[in-house]
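The values are calculated or read from the model by the stated rules, or taken from the named source; none is laboratory data. Just so it is clear, the structure is predicted and the values come from calculations on it, not from any experiment. Glycine also receives a Cβ, built like all others from the backbone with ideal geometry; neighbour counts cover every protein chain displayed.
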Amino acid sequence: MARCRKFVHMARLLRYRLENLCALTAALCVIAFPLAANARTLIIEGLSEAPLKWMVDRDPRGIDIDIMTEVLNDMGITDYRFQLVDNGRRLLHNAQNGSSDIILTLSQNAERSQYLQYPDEAHLLLDWRFAVRIEDRDRITFSDFSDLARHRVGAAAEYSYTDTFWQSGLDIEIVAKNDLLIPMLLENRFDVVPVNYLSTLYETLRNGQREQIAFIYPPLRRAPYYNVFSKASDYPDKDAFLKRYDQIIREMRNDGRLATIFQDYLGPDGLDWWQSQYQN
């Protein structure tokens, strides 16, 4: 009889422990995989702009693509699609109506914040810098616009740069297209030109002009850019996604994965760019 009672007690204890184990396992599954339940294909859109994102035979490439792919891999999300659109108006229209879920690399402003949900972490700090010929890198410096008063400054029409740039009192010669600035700089028609640092760096690496130009630090303008969620999107658990996204971006910044991606596309300049963003 005593042996029977002992057996019943052990059976109850085992059932209690099994019930607790099942409950703990279920809770851990909810914590670990809050984004997987009832998920569908995640639609990620952006503008084609190398080296951030572009298509090669329908295969997405670029810094943005690699960063977001790394994030999704960490989350365990495999059902996603990158698609690039041809203009910014269409990109924002799709975000407003929920046709896309995530939009790659946007700056933040009050108007966009009405229909976009921003993470806390910016994955990029994009900037505009002055470029000079390599032989002038020690002669021309920039801490104030007065430093450029004696030099020939070129700029592209319809580019905002900053209000202070246009109001600086410099003798600025305006050209029709932005892609004329570097060739005219190298032809000695200008001494200094403001350029999008990342795209100019990438293009000059590709066309063999990188060794002919230098970029002046600090930037003329710098702004954080985000990968953002459409508020109209019906993708499940967006709040949980963004919380985990922020955590992964911080991890990638600290463990060197972001720096590695930058170097993959920009070589040694990628490490310099990384250090200028996160270590200065």
Handout entry: Members of region 237-280 that are assigned to a loop (DSSP other than H, G, I, E, B) and farther than 25 Å from Thr41 by Cα
Key = Gly256, Gly267, Gln279, Asn280
Fill in the blank from the handout: For Ala110, the lone unmet condition from (1) over 20 Å from Ile213 (Cα atoms); (2) touching a residue at least 60 places away in the same chain (Cβ under 8 Å); (3) of a type in the set (Gly, Ala, Ser) is (2)
Handout entry: All positions within region 47-87 that are closer than 16 Å to Glu251 by Cα and among the aliphatic types (A, V, I, L, M)
Key = Ile67, Met68, Val71, Leu72, Met75
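Just checking, does region 225-241 include any residue being among the aliphatic types (A, V, I, L, M), touching a residue at least 40 places away in the same chain (Cβ under 8 Å) and farther than 17 Å from Ile65 by Cα? Steps first, please.
Of region 225-241, the ones among the aliphatic types (A, V, I, L, M) are 228, 232, 240.
Now narrow it down to the ones that are touching a residue at least 40 places away in the same chain (Cβ under 8 Å): 228, 232, 240.
Subsequent filtering for residues that are farther than 17 Å from Ile65 by Cα retains 232, 240.
Checked region 225-241: at least one residue is among the aliphatic types (A, V, I, L, M), touching a residue at least 40 places away in the same chain (Cβ under 8 Å) and farther than 17 Å from Ile65 by Cα.
For region 129-139, check the following and say yes or no: at least one residue is over 27 Å from Leu91 (Cβ atoms), of a type outside the set (Lys, Arg) and free of Cβ contacts under 8 Å to residues at least 24 places away in the same chain. It would help to see each step written out before you state the result.
First pass over region 129-139, keeping only residues over 27 Å from Leu91 (Cβ atoms): 130-139.
If we keep only those that are of a type outside the set (Lys, Arg) as well, we get 130-132, 134-136, 138.
Add one more test, that the residue is free of Cβ contacts under 8 Å to residues at least 24 places away in the same chain, and what stays is 135, 138.
Yes, region 129-139 contains a residue that is over 27 Å from Leu91 (Cβ atoms), of a type outside the set (Lys, Arg) and free of Cβ contacts under 8 Å to residues at least 24 places away in the same chain.
Inspect all residues belonging to region 148-155 and state whether any of them is surrounded by fewer than 16 Cβ atoms within 10 Å (Cβ to Cβ), in contact with a Lys or Arg (Cβ under 8 Å, 6 or more places away or on another chain), outside the structural domain of Gly62 (by TED's automatic domain parsing) and not small (Gly, Ala, Ser).
Just the residues of region 148-155 that are surrounded by fewer than 16 Cβ atoms within 10 Å (Cβ to Cβ), to begin with: 149-150.
If we keep only those that are in contact with a Lys or Arg (Cβ under 8 Å, 6 or more places away or on another chain) as well, we get none.
Taking every residue of region 148-155 in turn, none turns out to be surrounded by fewer than 16 Cβ atoms within 10 Å (Cβ to Cβ), in contact with a Lys or Arg (Cβ under 8 Å, 6 or more places away or on another chain), outside the structural domain of Gly62 (by TED's automatic domain parsing) and not small (Gly, Ala, Ser).
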Completion exercise
Scanning region 157-166 for residues that are touching a helix residue (DSSP H, G or I) at 6+ places or on another chain (Cβ under 9 Å) and within 20 Å of Ile140 (Cα to Cα) gives Thr164, Phe165
Practice task
Those residues that are buried (at least 23 other Cβ atoms within 10 Å of the Cβ) and under 14 Å from Tyr159 (Cα atoms), I need them from region 175-196; list them, please.
Solution key: Val193, Pro194, Val195
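Just to be sure before I move on: is Ala232 in a strand (DSSP E or B) and of a type in the set (Gly, Ala, Ser) in the structure I sent? Walk me through it before giving the result.
Working: in a strand (DSSP E or B): no; of a type in the set (Gly, Ala, Ser): yes.
Against the criterion (in a strand (DSSP E or B) and of a type in the set (Gly, Ala, Ser)), Ala232 does not qualify.
Per-residue answers, yes or no, for (1) over 26 Å from Pro218 (Cα atoms); (2) outside any strand (DSSP E or B):
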site: Leu72; (1), (2): yes, yes
site: Thr78; (1), (2): yes, yes
site: Gln83; (1), (2): yes, no
site: Leu92; (1), (2): yes, yes
site: Val132; (1), (2): no, no
Practice task
State whether one or more residues within region 176-193 are among the polar types (S, T, N, Q), closer than 30 Å to Asn254 by Cα and at pLDDT 95 or above.
Solution key: no
